[in-house]
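Peer 1: Have a look at this one before I ask anything.
Nothing in this text is a laboratory measurement; each read-out follows from the coordinates by a stated rule. All figures in this text were calculated on a predicted structure; none of them were measured in a lab. Heads up, the Cβs are rebuilt from the backbone with ideal geometry, glycines too, and the neighbour counts pull from every protein chain shown.
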Amino acid sequence: MVPKPTKQRSIRFLALLLGLLVCLCAAAGDLTKADIEQRFKNRTVQVGAARASGSALRVGDKLREVPAWPLFSELTPDAGPVGYVFETVDLAPIPGFEGTPMNLLVEIDASGQFIDVEVLRQHEPVFVGGLGPAPFDEFVKQYRGRNIRQQVKISTGQSSARSDSGANVVVFDGIAKATASIRIANQSVLGAALAVARARLGFASQGDSGPPALVKKLPLERLDLDTLIRRGYVQRLALSNAEAEKLFAGTDVAGRDVEALQSPDDVFIEVYVAYLNAPNIGRNLLGDAAWASLQSHLQDDRPAFWVATRGRYPLIDEAFIPGSSPPRLELVQHGLPIQLRDANRDYARAPVLDNLNAALILAVPPLAGLDPGQAMDFRLTISRARGVILPIVIQKQISLHYVPPPELFDFPPKPLPEWLQAWQGRLPDLIIIGAALLLLSGVLLWPRAISAKPRALFLFRMAFLSFTLVFIGWYAQGQLSIVQITGAIKSLVAGAGLKSFLYDPVSLLLIAFTLITLVVWGRATFCGWLCPFGALQEFVGLLARANRVPQWRPPARVSRVLARSRYAILVLLMAAAAMTPAAAVKMVEIEPFKTAITVGFRRELPFQLWAIGLLLAGAFVYKFFCRFVCPLGAALTIGGKLRQWNWLPRIDACGQPCQRCRKACRYDAIEPGGRIVYDECFQCLDCVGIYHDTARCGPKLLFANKGKTIRIHPLKQAQ
Ligand code: SF4
Ligand code: SF4
């Protein structure tokens, strides 16, 4: 290998292409308040436990601290927002594979439950024109009714959305061929929703604590009340009359509780809380039979608490409606209110505790996202009134900070980041492709063993190209594309980095390998061995020759001129991506990769005809698309200027007079004078094989017989 001179012109050309992309737009929201109002106008939405029509909801002004519109209920206008609407691009602008962030409109209620998610804007190559937008629209519907605190897993199976691990993990149906794009969408939705929940719902990140704890299977212990309280299985908060009076000090109702003033040390209220799903709590507190009946009554393993009070102030009054939420009690975890509902009072009588004035079994809805292993607050509202007609009512809250006993729970490990899950899911594919790349590297570094034997080279090449087409292309979806280059530059210009590539590990592995080989061998390694559409053209060409389809080999000079067209197409595409992105999305269809490889020809007729037409052209003119049209090939050729070595061996006699290699090179990458045109070389190794095979390389055999030294010709190397 001989060091290669620098190419100033190519670097200038590359700089021009990059410059064309510098004026790309930054991420920004698409909607105004009027747009949001319009969307709610004729809709009925489920906000928390209540159904509300658009007329009963008012959209507030966009918030300053977090870019979201609050939703207010017209029925309770002073009760604060009942939900929030926001665009993901404002809060979690993660670039997709086209280089710009997708934008989804997300609606959540005040408990962190998703009301709806809608796709506003996305240019993901796999959906635009490929699979179409419908699968993506269907995917985002799966968020409805789920809670921000639930862990979302994305499957590639065909079953419907479902829950596991006690309904705190939900599994969404993925979309085959678009896994990386929907992982980015999921990150965008969850990232934006968490940002709003943290800013407005006092919500701590689920990532801080990992997935919800699961009740541990433990042998049953018989425990009395003292032990239950001592171990924290039953937790208690007591308030004396004096302490209750202190709560209202300085208000209009201070000193109005005569009994409290007379007996300040007597109990005003005692609150007891216990988590019933743990058998060592539930069975000891309620008794075996009542606990077993309760378990069959509660569905979906929903968390249930026993809450009871003693003293002068009961948990509920006579107006309480069975089956509803007790108005005086609120459950809050990580600052997020969680709904509690009366499950069945018949089981609430606890034989171990007497003199209760109220006892309820309160269940948490299955999707509310409660983590029973994390601390939570039971807040009891105490009201005191003054006056009869238009009374002044003052309310104060006391809080029982409930810390679940850790020995009763298993704590599942924190989930891996979304991008790492993508890598984990593709590990077998990555190992297979990695092994193939190692094998290819070995052959290209030491080509003599295989290339000197034409049959061995042919078999190896056909086998590897079959692997490239079937495994890398159709199965693993590893077709690289010009969209990835424009997307990467757009992301960098917008300051969003290249994180989106992490979600597509197969492409990232191939990109990394291609970048390394650009420096070592130029564009030839990718185009000659790793491009699935290139491999498909190779097979079409082979089939055509086997069937004696007439081949047209343009004269070398014509071929050089035609090859320039691919650079013109590349410049046009870059300019369109910078100035008219919508047009660029259509223009990239000049690449038939999505049609022929990504969706396996399952597309509309015009796209199919374009891809088939290009393959047919390749049946008459060898690798027609690669040599005269492909903008990715052009970009790689420019990148190939980084190549540091001339790796094709040449001797004095190459081209003077021997034309053997030149005639064998179907890519016309060897000039009549014997010089290699590396920009056109596809590393097929045919000429390498001839060079190493004295039976085929006439001059070499001649020189060897005459005892002459074979000299490398430096001029023939420089290109
Ligand atoms: S020129 Fe284009 S289609 Fe041909 S092998 Fe290279 S990237 Fe693939
Ligand atoms: S025969 Fe042509 S394409 Fe193949 S390695 Fe030699 S120069 Fe490159």
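Peer 1: Can you give me the span-like helices of the chain, meaning DSSP H runs with 24 Å or more of Cα extent along the axis and Kyte-Doolittle mean at or above 1.0?
Peer 2: The qualifying helices are 427-445, 556-579.
Peer 1: So, in nm, how far is label THR251 from label ARG349 when the simple model puts each one 7 Å beyond its Cα toward the Cβ?
Peer 2: With each label placed 7 Å out from Cα toward Cβ, I get 3.5 nm.
Peer 1: To continue, here is another question. At a Cα cut-off below 20 Å, give the aspartates and glutamates reachable from LYS396, other chains included and same-chain residues fewer than 8 away excluded.
Peer 2: Once the sequence-local aspartates and glutamates are set aside, what remains near LYS396 is ASP78, GLU243, GLU245, ASP252, ASP257, GLU259, ASP265, ASP266, GLU270, ASP317, GLU330, ASP377.
Peer 1: How much length, in nm to one decimal, is gained on full extension between ALA435 and ALA456, taken as 0.36 nm per residue of separation minus their Cα-Cα distance?
Peer 2: 5.6 nm
Peer 1: Counting other Cβ atoms within 10 Å of each Cβ, which chymotrypsin sites (Phe, Trp or Tyr not before Pro) in segment 449-516 have at most 15 and sit in a DSSP loop?
Peer 2: Numbers: sites: PHE458, PHE460, PHE464, PHE467, PHE471, TRP474, TYR475, PHE501, TYR503, PHE513; in loops: none.
Sparse-neighbourhood loop chymotrypsin sites (Phe, Trp or Tyr not before Pro): none present.
Peer 1: Please work out the FRET efficiency for the pair SER399 and LEU427, using the Cβ-Cβ distance as r and a Förster radius of 45 Å; give the result to the nearest 0.05.
Peer 2: 0.45
Peer 1: Quick check: net charge around ARG345, other residues with Cβ under 15 Å of its Cβ, Lys/Arg +1 and Asp/Glu -1?
Peer 2: Every neighbour counted, the sum reads -2.
Peer 1: Provide the FRET efficiency to the nearest 0.05 for the ILE392-ASP226 pair, computing r from the beta carbons and using R0 = 41 Å.
Peer 2: FRET efficiency, ILE392 to ASP226: 0.45.
Peer 1: Shifting gears a bit: Counting each DSSP H run of 4 or more residues in the chain as -39500 (n - 2.57), what helix-only mean residue ellipticity at 222 nm follows after dividing by all residues, to the nearest 500 deg cm²/dmol?
Peer 2: Roughly -11000 deg cm²/dmol at 222 nm, from the helical runs in the chain.
Peer 1: Related question: Would you tally the net charge around LYS586, using a Cβ to Cβ cut-off of less than 15 Å, leaving LYS586 out, and scoring K and R as +1, D and E as -1?
Peer 2: Values: positive: LYS594, ARG603; negative: GLU98, GLU124, GLU589, GLU591, GLU604.
Result for the local shell: -3.
Peer 1: A further question follows. Tell me, TRP529, TRP647 in order of fewest to most beta-carbon neighbours within 10 Å?
Peer 2: If I rank by nearby Cβ atoms, fewest first, I get TRP647, TRP529.
Peer 1: Next question, about the same structure. As an exercise, identify the GluC sites (Glu not before Pro) in segment 529-608 lying in DSSP coil whose Cβ has no more than 13 other Cβ atoms within 10 Å.
Peer 2: The qualifying sites are GLU604.
Peer 1: Just add up the charged neighbours of ASP410: K/R +1, D/E -1, any other residue whose Cβ is under 10 Å from the Cβ of ASP410.
Peer 2: Computed value for this residue: +2.
Peer 1: Over 26 Å between C-alpha atoms is what I'm after, so list which of LYS41/LYS62; LYS453/LYS623; LYS62/LYS586; LYS33/LYS594; LYS499/LYS594; LYS177/LYS586 land there.
Peer 2: Table pairs above 26 Å Cα-Cα are LYS62/LYS586; LYS33/LYS594.
Peer 1: So for the pair ALA583, GLU243, with labels modelled 7 Å out along Cα→Cβ, what separation do we get in nm?
Peer 2: Simple spin-label model gives 7.4 nm for this pair.
Peer 1: For segment 178-282, run through the trypsin sites (Lys or Arg not before Pro) and keep only the ones in DSSP coil with at most 10 other Cβ atoms within 10 Å of their Cβ.
Peer 2: Within segment 178-282, the qualifying trypsin sites (Lys or Arg not before Pro) (loop, at most 10 other Cβ atoms within 10 Å) are LYS217, ARG222.
Peer 1: Using a ≥ b ≥ c from the Cα gyration tensor of segment 516-563 (square roots of the eigenvalues), is it rounded, prolate or oblate, where a/c under 1.5 gives rounded and otherwise the larger of a/b and b/c decides, a/b for prolate? Walk me through the numbers on the way to the answer.
Peer 2: Values: a/c = 3.50, a/b = 1.35, b/c = 2.60.
Cα axes put segment 516-563 in the oblate bin.
Peer 1: Quick one: which residues, 5 or more positions from LEU120 or on another chain, have an amide H under 5 Å from its amide H? H modelled 1.01 Å from N in the peptide plane, none for Pro or chain starts.
Peer 2: Excluding prolines and chain starts, which carry no amide H, the hits are ASN103, LEU104, LEU105.
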